[in-house]
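Here's the structure, in structure tokens; my notes come after.
The values are calculated or read from the model by the stated rules, or taken from the named source; none is laboratory data. None of these values were measured; they are calculated from a predicted model. Heads up, the Cβs are rebuilt from the backbone with ideal geometry, glycines too, and the neighbour counts pull from every protein chain shown. Note: areas computed on protein heavy atoms with side chains; ligands, DNA, RNA excluded. Shrake-Rupley method; radii C 1.70, N 1.55, O 1.52, S 1.80 Å.
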Amino acid sequence: MDIMEFKTIKIGKNNNKLTDSIIKDLKTSKDIGVLKCIQCGMCTSVCPASRHSEYDSREISKRVLEEDESLIYDDIIWNCFYCYTCHSVCPVGNSVSEIIQVLRQKAIINEEFEQIVTFLAFGESLLELGIGSIPIEYYSELIEVIGNDYPEFKNKLDEIREELGLGSLNLPDEDVKDIGNILEKTGFKDRLEKIRAYKKSINSEQ
Amino acid sequence: MKKIPDKDILIFKSCLISGEYPGVESSTKYLFDKLGVEYVVEDRQSCCTGLGYYYDLFDQYSTTALAARNFAIAREIGHKNIATMCSTCYAILKKSCNILNENDKVRNKINQIFKDSKLDNLIYSPGDMDSEGNIFHVAEVLWSKKAEIKDLPMIDLSELKIATHHACHYFKVHYKEDSIGNKRNPLLLDDLANACGTETIGWYDHKKTTCGAGFRQRYANLDLSLSVTADKLMSLKENDVDTLLHMCPNCQMQFDRYQPVIEKNLNTKFNLAHLNIAQFLALAMGADPYKVVGIQTHTVSPDKVLEKIKQASPVAV
Amino acid sequence: MKSSQFSRYAPKSSIDIGVFLCRCGGNISDTVDIEKLKNSIDAKVVKEFENLCSIKCHKTIRDIVLEENLDRVVIAACSPITHKKDFQNQVAPLNPYLLEMANLREQCSWVHSDGDKATDKAIALTNAAVERVKYAQPLETVVRKIKKTAAVIGGGISGITAALSLANQGIKVYIIEEKPTVGGNMIKIGKLFSPEKMVEECALCLFNPLINEALDHKNIDIITSAELMASERRAGNFDLLIEKKPRYVKEDKCIACGKCADVCPVVVPDQWNENLMYRKSIYKPFPQSVPDVYTIDEENCIKCGKCADTCPMNAVDLNMKKEIIPLTVGSIVMATGHKGFDFKHRPEYGHEKYEDVITQMELARIMGVNGPTKGKLLTPSTGKVPDRVVMIQCAGSRDEKPEGKRYCSKVCCMVAMKHANFIKRYYPDTEVIICYTDMRTPGMYENYFRYGQSKGIKLIRGRPGEVIDKDGKLVVRVEDTLRSEQLEIETDLVVLSEAMEPSEGTLKVADKLNVGLNEDLFVKEKHPKIKPVNTDVEGIYVCGTAQGPKDITDSVSQANAAASKVSEIMNGGLEIEPIIAEVDHSKCDMCGKCINACKYKAIYAYDGRVSVDPIACNGCGICVSSCPEGAIEIMGQTDSQIFAMISGMLKDKKDGEKRILAFLDYIGYVAADNIGINRISYPESIRIIRVTSINRLMFKHILYALENGADGIFLGAYPDDMVSSETKEKVREFKAELIKNGIDPDRLMYYNVYAPYFRGLAAKFDEFDKQVDMSLDKYETILSKASSKDI
């Protein structure tokens, strides 16, 4: 028996740091009802991730209200689909979908890149072309799953677009440069750089 | 009910439509031309960042800054009524517009970036765009033309068994604002299908469930992703649906590209084709399935629809 | 009161005033030099007494008034809050409103210790009262005479209860019911829950005798199939127009034999049975309907005439026309009730799609012995007793999403327990599961909850997201939040504990009567605590679920409370202080601005004249400011009285002396008295003037005070009343006007006063006194700078 294991809510140790930071975050709705959550579980009852994995939307809200910062480093937060179903039904205006967005940003700000490193290509494509693309890391898997018709069509994409009377896929060079400029100043390029460095480091480990 | 414009429209290009289902864009243009909707497509318009945003790669500042840039371009070319073909573009642009209008700190910071980059033409002032008054989904523009659509000659597609998949980011994100119809039972696509003389099955189990793409889930968590898609496909199968109507390329991709995989996994057949609402309407109006609707980029061929079209006008196919 | 009695002009100089000074057993005289005070007063009679409030002195006051033939009296003693009524009674036959008081105790001797300064202030306070009393007018207490007749709108349990209580108190009552029968929602419910007994009581057995009593009561007229079309206020009464829809059956001839219904070929869903069964187009809602006659529903009748041919009494009249009934009543009780939540707004619960998803009201009909299954619990689609019933709580309630109801509907937990208990008693093999978020069974109802638990009712803590049909079985999707488990519960029957929402009748009638609604569209009470059955229109009361979700017990209590409020104004001879608005019709041009401005809905137009309801008016004076013609005065707070009070307070100001006028409303004045009672001191500069509301003041009063020697103006009021936003606006206006007039706005201060927080008020007086000093210093500096420049 270990008396230290007993969970005690100590006086003076409590704050609303995590909750407040989520409420104030730009990614959440202005009037998000995090504090009004009564743990009714309606979110979970309609949540696809909760239906098919260990993830439980209600539990996320509970842990936030308990100021459980370990949530930021918990892999479970990466199971949300961002389908906003919880957001659209919550009787008190809470949004676990938005909470998760903030938690994942916190993970990234803390340089936890493991979960997003494979999506780097989208950002790179946006900087290069001004439009996003399917993450290249998954391309071969995609072909494997979908079949060979897929890369064939992709090869013919320009041709097909022309046949459909559509313009070029890419933005004019000048505009791509502007976008790069803007994204440099918003700090996005820095973020990508860090993720690239992380990618390099895990590649060299392997 | 919000006022939906039929001129000064910028068809907002989407990455996934451009790269996966370009036929949605050509079908949209085909319909707008037929319905007398005045629009442009603009080279300089960039991606909304939506997929990156929901891969968690993009922070809100960067996304909002690029939205401000696209808004400035729309205003500059005199087409500030944005119509998106993708529901994520729709949600992302609305959110960014609201931030730019309401959050002085963010707006000033972004404007400062523009000034520092000598892009003063992009500077955003509060009210330059209105989330409710300037940002729409193409399906909404079409919906506002229901009466006109009804009056056009149509190929009889009434024998199809149709269901609708309303994209989550259209009706769940900004539910308080202005997405059309009952947010708890969206019927926007059903209304449009009815406008060309076809019935839909209406409600079905999982009607409101996500396609299962889940952004990162489709790639990083394929099993989880496909089990959600399978829920929906099974329910559609139970209802003998042969055509599912879409309003978002991400959903369409999830169903169209992965349906054969799920069929293999579950050892079943769904006999279900996937069409964007614009593609469906264009086909019903007699558009060329390949040269306009672009079905050659689909993984699941909409055979039943093609058959009906063939019956109606053997020359067309 | 005639308008000729308006004393807008200076009164005749020969008014004989008597001033009675009280030493208050040293309470006043220990600080204030009474001798000096006495000598500083210009009045016909000035007398001092040791204890003015003693019985002996009362008599003396009256004697002196009579002997000296006084026209006006000033009592310089303690607070008018506690003693004015007493003294007013002592000056008879002089009109009580010809008496003023100067508060020398609570607002002078008890708050100031410097004898000289206190004496100076006492002189000013007494002089101000003398000045003001010159402008006093004799006023009569208003006794509102209203017709001893009331309309009760709505014939449910609340309406019937209110009507019976009124009728028993000798008041003539009209019950106006839009349906062809009275009874409302209660009569549809088979069994009622009871907080005391562990059994369910029969609704009809409880209610039917009351309905019959109402039907037979000589003071009650029941008008069914009738709606309120229009209402107009007139001199405290209401002129109503009631439209009675044609029943197409003569009420006095029909014997309710039912032969007509037998031959009627039109079959329609029976709304009274929640559309769970059918009825004919000519019908009686239920066997015990009151009145006991048949009705043809116009919507569905094909006018084939078969009923008319069959009727042995010749009671059917297919050419019956609607009837307009004019009524004049002295008061109205809104008992317009509620309706169940419309589940088209929550399609995921499947009520619209699946036959076996029903509401609690539908279940009540199913289990009612006069219902579609004669009281048997049968699953609608199969006609079999269900093996399992799942109830979903908070269906539509406690939901902030669009079209949801934010509030708790208050009765659903008990309703669910009642039906669950009932099912368990008669169908012990049927499993009952209640999915809940919180079980709210307050007070005695907790017993009922425990009783249900002991019968084996199962509880799952979670709010279901959806109900679906899976292979012909209903499935409820819910998370068991206590186990963190997503569940799919198979069931034969789903019962939604539907939210209560205001009935359409509630909305329509409120609109016709100009009665205010709250955010959730229930009728808003005048004050949720102390005026729970008053609406914001004087003379109109509310009870039952029209005012908010509640059970029968609460509805009945509220109905009786509403009846007693009506009885008060009809039987009690209500006397009202005449400090109210009066309109000078010779100046009024009927622009209607005052009607819109009045927060108490006390002003209304009738017959081409603007009228004031004396009971509703509380003399706040917003209307006075709103009137472009200057046609309104507040009696007892006329402009001339306010000006007189100001000039009296500022009279004989010495060089270098500072005087601050503090205008306080009733609560502010009480708080100021409390400062005195607690012997807390504040600067002598403060001179308090009581006003009905800060809104009574106009900038001309402020400017007049500042131009005539006031160094600062302090405004204090209770902030949580109905006119508080107007008060704030007024203060902003005053500040802006001060700037326009080149006066430092710091010379005016507003403060929110709460009666128990008198220390705050005292501290504010101190703070303002210093603020005024600084403002005056600033002014001095500017002046000296300006003058040095001139040199």
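Quick check: convex hull of the Cα atoms in the stretch C:374-498, volume per residue, rounded to a whole Å³?
Spread over its residues, the Cα hull of the stretch C:374-498 gives 125 Å³ apiece.
Using a 1.4 Å probe on the protein heavy atoms, what percent of the accessible area of the stretch C:653-791 belongs to carbon and sulfur?
Carbon and sulfur atoms account for 54 percent of the accessible area of the stretch C:653-791.
Mind checking the log10 I(q)/I(0) for chain A at q = 0.11, 0.13, 0.16 Å⁻¹? Debye, one equal scatterer per Cα, no solvent, two decimals.
With one equal scatterer per Cα and no solvent, log10 I(q)/I(0) is -0.74, -0.97, -1.21.
Based on DSSP loop calls and a cut-off of at most 13 other Cβ atoms within 10 Å, the longest stretch of chain A free of exposed GluC sites (Glu not before Pro) is what?
On the way: sites that count: A:54, A:66, A:111, A:114.
In short, A:115-206.
Can you find, among B:245, B:174, B:293, the residue sitting farthest towards the positive end of the charge dipole of the stretch B:150-311, where Lys and Arg contribute +1 and Asp and Glu -1 at Cβ?
After comparing all options, I get B:174.
How many Lys pairs in the stretch C:407-559 lie less than 19 angstrom apart by Cα atoms, where the lysines are 8 or more positions apart or on different chains?
16
For peptide B:255-261, compute the average count of partner chain beta-carbon atoms within 10 Å of each residue's beta-carbon. Before the final figure, lay out each step's value.
Values: counts 0, 1, 6, 3, 1, 4, 4.
For this peptide, the per-residue mean of nearby foreign Cβ atoms is 3.
Regarding the stretch C:248-379, what's the average projected area of the Cα-atom convex hull, expressed in nm²?
11.0 nm²
Considering the alpha-carbon set of the stretch A:117-205 alone, what are its Rg and its Dmax in angstrom?
15.9, 48
Springs between alpha-carbon pairs under 10 angstrom, Gaussian network model over chain A: which of A:167, A:123, A:132 fluctuates most?
A:167
Describe numerically, in nm with one decimal, the distance between label points set 7 Å from Cα along Cα→Cβ at residue B:267 and at residue C:776.
10.1 nm
Hey, could you pull the Cα Rg and Dmax for chain C, both in Å?
So, for chain C, Rg and Dmax equal 34.0, 112 Å respectively.
Evaluate the relative contact order of chain A (contact order divided by residue number), counting alpha-carbon pairs under 8 angstrom at least 6 apart; express in whole percent. Numbers along the way, then the final one.
Values: 186 pairs, mean separation 33.8, N = 206.
Value for chain A: 16 percent.
Taking every eigenvalue of the Cα gyration tensor of chain B, multiplying by 5 and rooting it, what semi-axes result, largest first, whole Å? Don't jump to the answer; show the numbers that get you there.
Numbers: eigenvalues 221, 104, 56 Å².
Semi-axis lengths for chain B are 33, 23, 17 Å.
In the structure displayed, which of B:208/B:310; C:250/C:303; C:85/C:654; C:735/C:770 lie more than 27 Å apart, Cα to Cα?
B:208/B:310; C:85/C:654
What is the gain in length, in nm to one decimal, between residue C:229 and residue C:447 on full extension, counting 0.36 nm per residue of separation less the C-alpha to C-alpha distance?
Working: separation 218, 0.36 × 218 = 78.48 nm, distance 4.57 nm.
Gain on extension, residue C:229 to residue C:447, equals 73.9 nm.
If I model the stretch C:653-791 as equal point scatterers sitting on the Cα atoms and use the Debye formula, what is log10 I(q)/I(0) at q = 0.13, 0.18 Å⁻¹?
Reported log10 I(q)/I(0), two decimals: -0.56, -1.02.
Taking 1 over the mean of 1/r across every pair of different Cα atoms in the protein assembly as shown, what Kirkwood radius in Å do you get? Walk me through the numbers before you get to the answer.
Numbers: mean 1/r = 0.0269 Å⁻¹.
Final number for the Kirkwood radius of the protein assembly as shown is 37.1 Å.
Quick check: at a probe of 1.4 Å, how many percent of the accessible area of chain B sits on carbon and sulfur atoms?
The nonpolar share, carbon plus sulfur, comes to 48 percent.
How many Cβ atoms of partner chains, on average, are near each residue of A:49-58 if near means within 10 Å of its Cβ? Before the final figure, lay out each step's value.
Values: counts 7, 4, 8, 12, 6, 1, 1, 5, 1, 5.
Taking the mean over all residues of the peptide, I get 5.
Provide the three semi-axes, in whole Å and in decreasing order, of the ellipsoid equivalent to the stretch B:150-311 as defined by the square roots of 5 times the Cα gyration tensor eigenvalues.
The equivalent ellipsoid of the stretch B:150-311 has semi-axes of 24, 20, 14 Å.
Could you state the accessible area per residue of the stretch C:591-634 in Å², with a 1.4 Å probe and every protein chain left in place?
37 Å²
How big is the Kirkwood radius of the stretch C:576-634, worked out from every pair of different alpha carbons and given in Å to one decimal?
On the way: mean 1/r = 0.0903 Å⁻¹.
Hydrodynamic radius (Kirkwood, Cα pairs) of the stretch C:576-634 is 11.1 Å.
Per the Debye formula with a single identical scatterer at each Cα and no solvent contribution, what log10 I(q)/I(0) holds for the stretch C:1-139 at q = 0.13, 0.19, 0.20 Å⁻¹?
The calculated log intensity ratios at q = 0.13, 0.19, 0.20 Å⁻¹ are -0.51, -1.06, -1.16.
How much accessible surface does residue C:262 have with a 1.4 Å probe, in Å² rounded to 10?
Accessible area of residue C:262: about 120 Å².
Using a 1.4 Å probe and counting only protein heavy atoms, how much accessible surface gets buried when C and A come together, both sides summed, in Å² to the nearest 100? It would help to have the intermediate numbers written out before the result.
On the way: alone 34390 and 14160 Å², together 46960 Å².
Buried surface at the C/A interface: approximately 1600 Å².
What are the principal axis extents of the Cα atoms in the stretch C:35-109, in Å, biggest first?
31, 27, 22
Could you tell me how many cubic angstrom of Cα convex hull volume the stretch C:425-475 has per residue?
In the stretch C:425-475, the Cα hull volume divided by residue count equals 92 Å³.
When the distances between all Cα atoms of the stretch C:677-720 are binned every 10 Å from zero, what whole-number percent does each bin get?
P(r) over the stretch C:677-720, rounded to whole percents: 20, 49, 27, 4.
For the stretch B:148-189, run through the GluC sites (Glu not before Pro) and keep only the ones in DSSP coil with at most 14 other Cβ atoms within 10 Å of their Cβ.
Sites meeting the loop and neighbour criteria: B:159, B:177.
May I ask which residue of B:164, B:117, B:203 lies farthest towards the positive end of the charge dipole of the stretch B:94-224, with charges of +1 (Lys, Arg) and -1 (Asp, Glu) on Cβ and the Cα centre as origin?
B:117
Before anything else, pin down the relative contact order of the stretch B:200-317: Cα pairs under 8 Å, at least 6 apart, normalised by residue count, whole percent.
21 percent
For the stretch C:114-237, what are Rg and Dmax over the alpha carbons, in angstrom?
Reported Rg and Dmax, both Å: 26.9, 79.
Residues of A:171-181, mean number of Cβ from any other protein chain within 10 Å of their own Cβ, rounded to a whole number?
That average works out to 4.
With springs connecting C-alpha atoms under 10 Å apart, model chain A as a Gaussian network and identify which of A:102, A:145, A:176 has the largest mean-square fluctuation.
A:145
With viscosity set to 0.692 mPa s and temperature to 37 °C, compute the Stokes-Einstein D of the stretch B:1-139, Rh being the Kirkwood radius across alpha carbon pairs; µm²/s, no decimals.
Details: Rh = 15.2 Å.
Once the numbers are plugged in, D ends up at 216 µm²/s.
Springs between alpha-carbon pairs under 10 angstrom, Gaussian network model over chain A: which of A:131, A:76, A:11 fluctuates most?
Most flexible of the set in this elastic network: A:11.
Ordering C:774, C:649, C:361 by accessible area with a probe of 1.4 Å, largest first, what comes out?
The ordering from most to least exposed comes out as C:774, C:361, C:649.
Can you give the accessible area buried between chains A and B, summed over both chains, with a 1.4 Å probe, in Å² to the nearest 100? Don't skip to the answer; put the middle values down first.
On the way: alone 14160 and 13350 Å², together 21270 Å².
Summed over both sides, the interface buries about 6200 Å².
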